[in-house]
Number of protein chains: 2
Amino acid sequence: MPVIVDTLALVGTGLIGGSFALALKEAGAVRTVFGVGRNPARLTVARELGLIDRTADWAEAGQADCILLALPVGETETVLRQLAPHLKPGAIVTDAGSTKANVVAAAHAALGARFADFVPGHPIAGSEQSGPGAARADLYRGKRVVLTPQAGTRGEATATVRALWEAAGAQVETLDAALHDRVFAAVSHLPHLAAFALVDELAQRADSEIFFRFAASGFRDFTRIAGSSPEMWRDIALANRTAVLAELDAYVEALQAIRAAVSAEDAETLLKLFARARAAREHWMKTQDV
Amino acid sequence: MPVIVDTLALVGTGLIGGSFALALKEAGAVRTVFGVGRNPARLTVARELGLIDRTADWAEAGQADCILLALPVGETETVLRQLAPHLKPGAIVTDAGSTKANVVAAAHAALGARFADFVPGHPIAGSEQSGPGAARADLYRGKRVVLTPQAGTRGEATATVRALWEAAGAQVETLDAALHDRVFAAVSHLPHLAAFALVDELAQRADSEIFFRFAASGFRDFTRIAGSSPEMWRDIALANRTAVLAELDAYVEALQAIRAAVSAEDAETLLKLFARARAAREHWMKTQDV
């Protein structure tokens with residue numbers, strides 16, 4: 001594969017950023033990878049693991065051809081403000097945040113005229129693992145990446161970011177940023193909050209030990225995402241607040257409908273609902289490679 | 001291993017009953033397995049798969065040394081009433097239902113004096129797979145089985161059922177039936193209802209396709225249990241109605257607490273809650289082999 005960008009700078013060298021770099025190196029799509037961050041120990045680990053070739057400061061990062069932000073979305077604006085004065089002409093900035101409307105707003109505020117070079121992105125891959133040690137070259141293989149370019153985004157910048165993700169093995173789609181946030185509030189953010197809520201509610205009980213003692217594989221899978229990063233999910237819940245609140249309300253309403261059926265011993269409604277849910281999930285599983 | 005019972009009758013030859021029989025045969029703990037049921041085609045499959053040696057009617061099943069009921073809990077009383085007149089002296093009856101107080105009540109009503117020979121049980125194993133084809137000899141290996149013997153239960157009957165489950169590789173514990181129902185309402189029944197609710201709520205949307213399109217591995221695991229049998233879960237929700245209602249209320253309250261924190265942009269409360277949940281789950285994972 002031909003080189004797509006000569007130099008890549010990672011702001012954030014954890015699972016998401018590190019895997020991106022590993023995949024692009026393996027594909028021959030990038031020559032040199034810089035790592036930028038506030039945590040020197042973490043950057044050292046990233047270098048030792050081969051995720052980055054060397055560490056850089058903001059001025060050097062701004063000279064890269066492409067800069068990927070892979071950090072909690074709440075930090076986007078601060079980081080972009082530090083980076084903005086150093087951006088070389090033509091440098092492309094992109095991100096891997098789980099919410100997009102707030103990232104777009106942050107980029108707009110921080111980048112001024114260079115907003116045209118910012119390509120908002122969201123790889124639909126990850127794990128409850130995090131940190132540089134979890135990075136792997138095949139994380140994005142066969143996974144979707146959503147880009148939400150804006151009216152003012154330079155087409156060439158979008159094309160380059162698309163090419164990079166494709167080189168990492170991903171399937172790239174574009175979506176409207178607001179629709180992105182609504183969709184992910186429903187299929188990702190809400191399930192995470194629901195899993196955190198379930199585990200915490202149990203853990204706060206005085207007799208929680210007896211409950212956890214008999215929890216089994218169904219509980220394990222249902223709550224797997226409650227093992228995710230608290231900081232990251234705090235940021236996402238707040239960054240996508242409006243859509244998340246709407247999804248929480250819809251979910252509580254659905255639970256109340258089940259509650260009403262159980263309370264009324266309405267066997268028929270329960271059977272219909274459970275059967276519909278199972279059929280929908282089976283249909284989904286057939287259409288997906290997850 | 002010495003034979004524990006000469007003949008075992010299965011009422012229900014699906015995943016749970018079939019796996020019990022396979023494990024006991026493999027362990028040499030049982031000589032002959034009868035299958036009883038209303039569905040001749042299913043019994044034929046069970047025989048062809050080697051889960052049972054032959055089919056039997058209620059009169060023959062009553063002559064078995066041990067009879068396991070492995071069917072939706074709503075059918076317990078009907079089945080026990082058909083079996084009761086045929087029970088030979090000393091025959092032990094047990095079940096594998098996911099709820100216990102209602103099964104105990106059904107057995108009390110149906111078995112009269114022979115209630116002493118009924119050992120309520122619940123193997124904590126299973127899968128969203130079901131049917132005879134899903135049965136396997138190692139399903140219970142290392143898994144927990146909860147028995148909830150009553151004051152009137154014959155000690156020898158409980159000991160035999162315990163020995164059978166241990167021969168199948170399980171770790172047997174006893175619990176009070178009401179506590180059992182409360183615990184499983186929280187760690188199993190509620191998560192199932194919550195998963196069904198989430199999938200159905202999405203599936204009922206006019207634009208559901210775009211949501212499912214971007215659902216990924218977190219969604220897959222969170223909703224795995226929404227692939228479970230609708231009939232079985234209808235029965236469980238109704239059989240354990242009081243405890244399930246209490247758990248639904250506690251869960252909705254926990255979700256409302258998260259909603260309030262998101263609405264108020266209370267980052268600190270969210271971070272604390274998510275971190276507590278993750279720590280509780282990590283602690284649990286270390287104590288379990290699930």
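The values are calculated or read from the model by the stated rules, or taken from the named source; none is laboratory data. Quick caveat: nothing in here was measured; it's all calculated off a predicted structure. For neighbour counting, all protein chains shown are included, and Cβ atoms are generated from backbone atoms with ideal geometry for every residue, glycine included.
Some values worked out for this structure:
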| item | result |
| --- | --- |
| Tally, over segment B:151-180, of residues that are of a type in the set (Gly, Ala, Ser), more than 27 Å from B:Val3 (Cβ to Cβ) and buried (at least 20 other Cβ atoms within 10 Å of the Cβ) | 1 |
| Residues that are facing chain A (nearest Cβ under 7 Å) and either surrounded by 22 or more Cβ atoms within 10 Å (Cβ to Cβ) or of a type in the set (Lys, Arg) (or both), drawn from segment B:244-253 | B:Val244, B:Leu248, B:Tyr251 |
| Test for A:Pro230: is it buried (at least 23 other Cβ atoms within 10 Å of the Cβ) and either within 7 Å of chain B (Cβ to nearest Cβ) or at pLDDT below 95 (or both) | no |
| Residue that is touching a Ser or Thr at 6+ places or on another chain (Cβ under 9 Å) and of a type in the set (Ser, Thr, Tyr), where the choices are B:Thr153, B:Thr148 | B:Thr148 |
| Residue within segment A:54-62 that is closer than 24 Å to A:Arg144 by Cα and assigned by TED's automatic domain parsing to the domain that holds A:Gly152 present | no |
| Pick from segment A:202-213, criterion within 7 Å of chain B (Cβ to nearest Cβ) and closer than 24 Å to A:His189 by Cα, ranking: surrounded by the most Cβ atoms within 10 Å (Cβ to Cβ) | A:Leu202 |
| Any hit, segment B:215-224, residues being outside any helix (DSSP H, G or I) and among the hydroxyl-bearing types (Ser, Thr, Tyr) | yes |
| Sole exception among (1) within 30 Å of A:Glu282 (Cβ to Cβ); (2) among the aliphatic types (A, V, I, L, M); (3) crowded, with 24+ Cβ neighbours inside 10 Å; (4) in the same structural domain as B:Gly14 (by TED's automatic domain parsing) for B:Ala185, by number | (4) |
| Complete set of residues in segment B:57-67 that are surrounded by 23 or more Cβ atoms within 10 Å (Cβ to Cβ) and not in a strand (DSSP E or B) | B:Ala61, B:Ala64 |
| Qualifying positions in segment B:33-44 - more than 9 Å from B:Thr13 (Cα to Cα) and either more than 22 Å from the chain's Cα centre (by Cα) or modelled with pLDDT of 95 or more (or both) | B:Val33, B:Phe34, B:Pro40, B:Ala41, B:Thr44 |
| Only listed residue being out of contact with any Lys or Arg (no Cβ under 7 Å at 6 or more places or on another chain), within 19 Å of A:Ala250 (Cβ to Cβ) and at pLDDT below 95, chosen from B:Phe212, B:Phe196, B:Phe222 | B:Phe222 |
| Selection count where residues are closer than 20 Å to B:Asp221 by Cβ and at the interface with another protein chain (Cβ under 8 Å from one of its Cβ atoms), scope segment A:233-243 | 2 |
| Count of segment B:22-56 residues which are part of a helix (DSSP H, G or I), without any contact (Cβ under 8 Å) to a residue 40 or more places away in the chain and of a type in the set (A, V, I, L, M) | 2 |
| Subset of segment A:259-290 that is among the β-branched types (Val, Ile, Thr) and under 31 Å from the mean Cα position of the chain (by Cα) - its residue that is nearest to B:Ala260 (Cα to Cα) | A:Val290 |
| From the options B:Gly74, B:Gly62, residue that is touching a residue at least 12 places away in the same chain (Cβ under 8 Å) and over 22 Å from the mean Cα position of the chain (by Cα) | B:Gly62 |
| Residues that are in contact with a strand residue (DSSP E or B) (Cβ under 6 Å, 6 or more places away or on another chain) and facing chain A (nearest Cβ under 9 Å), drawn from segment B:151-179 | B:Glu173, B:Leu175 |
| Members of segment B:1-21 that are part of a loop (DSSP other than H, G, I, E, B) and either crowded, with 24+ Cβ neighbours inside 10 Å or touching a Pro at 6+ places or on another chain (Cβ under 9 Å) (or both) | B:Gly12, B:Thr13, B:Gly14 |
| Qualifying residue in segment B:214-227 (condition: more than 7 Å from chain A (Cβ to nearest Cβ) and more than 16 Å from A:Ala197 (Cα to Cα)) | no |
| Selected residue (criterion: farthest from the other protein chains (Cβ to nearest Cβ)) from residues of segment A:254-273 that are surrounded by fewer than 15 Cβ atoms within 10 Å (Cβ to Cβ) and either in contact with a strand residue (DSSP E or B) (Cβ under 7 Å, 6 or more places away or on another chain) or not in a helix (DSSP H, G or I) (or both) | A:Ala264 |
